[in-house]
Amino acid sequence: MFFYKYWICISLVFVCIHLKAQCSIDTSQIKIQTEYFDNPAFGNFLSLRKDRLGRDLLYATSKDGGLKIFSTTSTVPQLIQQMNAATFGSRDVIFIQQEGAYVYLSLGDIWNTNETVGFAILDVSNPAQIKIADTLFLDAMPGGGAAIYIDGDLAYLAGMSNGLIILDIKDKRNIQFVSQLKFGNDFPHKDSSNATAYNARGIWVKDQYAYVCYDRGGLRVVDVSKPDSPKEVSKYCFSNLINYATAYNHIIIDHHLAYVSIDYYGMEILDISNPLNIRHKAWWHPEDWAPATNDFNTWAASKGHANEIAYDPICNLIYLSAGKSDAVIVDVKNPSNPQTCGIVGSAADDYGTWGLDYFDEKIYLSYIWSPFFPPHSNYTGFRVYEIPACTITNSQNDKQLSDDLAKISFGPDGIINIQVQNYTPSLKVKIFSTLGHLVYSKSFSTMYQLNFNPHLSNAVYYISLETNHRISTQPILISN
C-alpha cells in the first residue's frame, strides 16, 4: 500500500541549512515560506515557474497531472486552476517557461515513447481567465519535450531523442514547425549502444548558437543563424566522464561562461568565448557525490544529482536542484574555483528534488515522487524558500550595463529614465547602496521605456536590470 502524506503545516518543517563557505548572502537566514505536497496519483511535480509579471501565481508541471497553478502568498498554498493532461492531447506536461504574458509548455512523456512531443502556449494576461492560445502535436516524434528557450519569435525545444526542435511562435495562436536537428550518438564514448541515454534535455541560446545538453552525448553546439537549417558545429564532454556514465542535464549562460549541471558529477563551468572550441574552466563536485562510474549502485547512492539550474549574477550564486540534497547554493565569484556555500535540505530524509526556479529573492523547488530510482523520493510537491538580500561589493559590480540592453538617463526630481534597446516583456529593477544593501526593487512589464522615482537620497548607488535571461549592473549617481 502506497504511503504518502499531505503535509502543509510549515511549523513542523525542519529546514536544514549546511554552511560551507562565505557567501554574499547569509544562508543561515534561509527559511521556508510555504510548501505543498500531494498524492502522486494526482500528478508528479516536475518543473515550476514563479509568475514573471509579479503576480501571485506559481505554475507547476505535474506530468500526467497536467499544469497546476497556485497562489502562494499565504502559509497554505491554494490550487486555483488545473489543466489536466486531456487538455494537452492526453500528453504529460513536463517543462515550463514564461515570457511576459505567455507561458510555454513542453509536452509528452520523457520516460518512454508511449506519447509524442507536443508544445503549448498559454495566455496568462488575465489571471482569472488563463487559457490556451495554441498547441502543436508532433505525432512523428515519439517521447516528449524537455527544456524550452524562447528567443523573440522562435521557441527552441530540447526534444529528448528527437534532438533540437525549432518552432515559429510569432503568432501565438498559430504555432509553426520550423526545423529539427537530430544528433549522432557516436560522441564522446566508445560504447554508444544504449540509445535511450542520449536525449536533448537542456538548452540555452546565445547570439547565433544553441547550446544543447545531450545527456550521455555531452554538450552540442548548433549554429541557428538560419533557423530552417540548423547545423551542429561543435561538441564537448568533460574528459573525466569519457567512457563513464554521463548526463548533461541543464545549462545557463552568462556572458562567456556556461554553467552546466551534470547529474551525479555536479556542475561544470565552461568558457564558451569561442563556441567552436569550448574549454573547461572549473568543476564543482562535493565529496559525498559519486565519482565517475559505470556502476548503477554507485551512481544511485550519490548524495546529489544536479538537474535544473538558476544563476544570480548580482550575488554570483548558482542555485541547483540536487535530488537527495534538495538544493545547493554555489558561490562562483571566482568562476575558476566554485565553492559550496549552502545546502538547503538533507540527503538523509525521503525528499528529493527535480525542478528549481529562482526569482525575486526566493527559490522554488519541486519534489518528484521516485521511490525506486534516484533521488529516491517518497513525496511530490513544492517548497518556497525565502533567500536573504544579497550583500554586494564594489568588486562584484564592475559589470557595466551594456548599451545593447538599455540606456539610463535622469530627469528632474529624482526621476530615472530607462530606454530598453530591444523589447522585453518584463524587467525587474533593483537598486543597491554602495554597502550592498537592497534599497529599491520593483518589477515592470511590457515596455520599451519606463520612468520612475525610487525616492532615494542623494548618493552613489548600483542599479541592476534583470530580464528573464540577463542581469546587468552599473553605478549611478542620484542628485535631486
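The values are calculated or read from the model by the stated rules, or taken from the named source; none is laboratory data. Owing to the predicted nature of the structure, the values given are computational and were not obtained by experimental measurement. Quick reminder, even Gly has a Cβ in these numbers, built from the backbone with ideal geometry, and neighbours come from all protein chains shown.
Quick look at the values:
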{"item": "Qualifying residue in the range 105-120 (condition: in contact (Cβ under 8 Å) with a residue 24 or more places away in the chain, part of a loop (DSSP other than H, G, I, E, B), over 21 Å from Asp38 (Cα atoms) and touching a Pro at 6+ places or on another chain (Cβ under 6 Å))", "result": "yes"}
{"item": "Some residue of the range 120-129 being in contact with a helix residue (DSSP H, G or I) (Cβ under 7 Å, 6 or more places away or on another chain), buried (at least 19 other Cβ atoms within 10 Å of the Cβ) and over 30 Å from Leu241 (Cα atoms)", "result": "yes"}
{"item": "Matching residues in the range 211-223 - criterion: being surrounded by fewer than 24 Cβ atoms within 10 Å (Cβ to Cβ) and under 20 Å from Asp153 (Cβ atoms)", "result": "Asp223"}
{"item": "Boolean, Thr340 is over 18 Å from the mean Cα position of the chain (by Cα), within 30 Å of His256 (Cα to Cα), modelled with pLDDT of 90 or more and of a type in the set (Val, Ile, Thr)", "result": "yes"}
{"item": "Condition broken by Pro375, with the remaining ones in (1) surrounded by fewer than 24 Cβ atoms within 10 Å (Cβ to Cβ); (2) in a loop (DSSP other than H, G, I, E, B); (3) out of contact with any Phe, Trp or Tyr (no Cβ under 7 Å at 6 or more places or on another chain); (4) not small (Gly, Ala, Ser) satisfied", "result": "(1)"}
{"item": "Residues satisfying the stated conditions in the range 163-205, i.e. of a type outside the set (A, V, I, L, M, F, W, C), assigned to a strand (DSSP E or B) and surrounded by 15 or more Cβ atoms within 10 Å (Cβ to Cβ)", "result": "Asp168, Ser179, Gln180, Gly202"}
{"item": "The range 135-162: number of residues that are assigned to a strand (DSSP E or B), farther than 23 Å from Asn307 by Cβ and charged (D, E, K, R)", "result": "1"}
{"item": "Qualifying residue in the range 348-359 (condition: at pLDDT 95 or above, in the same structural domain as Tyr211 (by TED's automatic domain parsing), assigned to a loop (DSSP other than H, G, I, E, B) and in contact with a Ser or Thr (Cβ under 9 Å, 6 or more places away or on another chain))", "result": "yes"}
{"item": "Within the range 69-92, tally of residues that are out of contact with any helix residue (DSSP H, G or I) (no Cβ under 9 Å at 6 or more places or on another chain), surrounded by fewer than 19 Cβ atoms within 10 Å (Cβ to Cβ) and among the β-branched types (Val, Ile, Thr)", "result": "2"}
{"item": "Any strands (runs of 3 or more DSSP E) falling wholly within the range 1-103 and containing at least 3 residues that are in contact with a Ser or Thr (Cβ under 7 Å, 6 or more places away or on another chain) and either under 30 Å from Asn334 (Cα atoms) or at pLDDT 95 or above (or both)", "result": "58-61, 93-99"}
{"item": "In the range 336-346, the residues that are surrounded by fewer than 22 Cβ atoms within 10 Å (Cβ to Cβ) and within 24 Å of Asn44 (Cβ to Cβ)", "result": "Ser346"}
{"item": "Of all residues making up the range 215-241, the number that are in a loop (DSSP other than H, G, I, E, B) and touching a residue at least 40 places away in the same chain (Cβ under 8 Å)", "result": "7"}
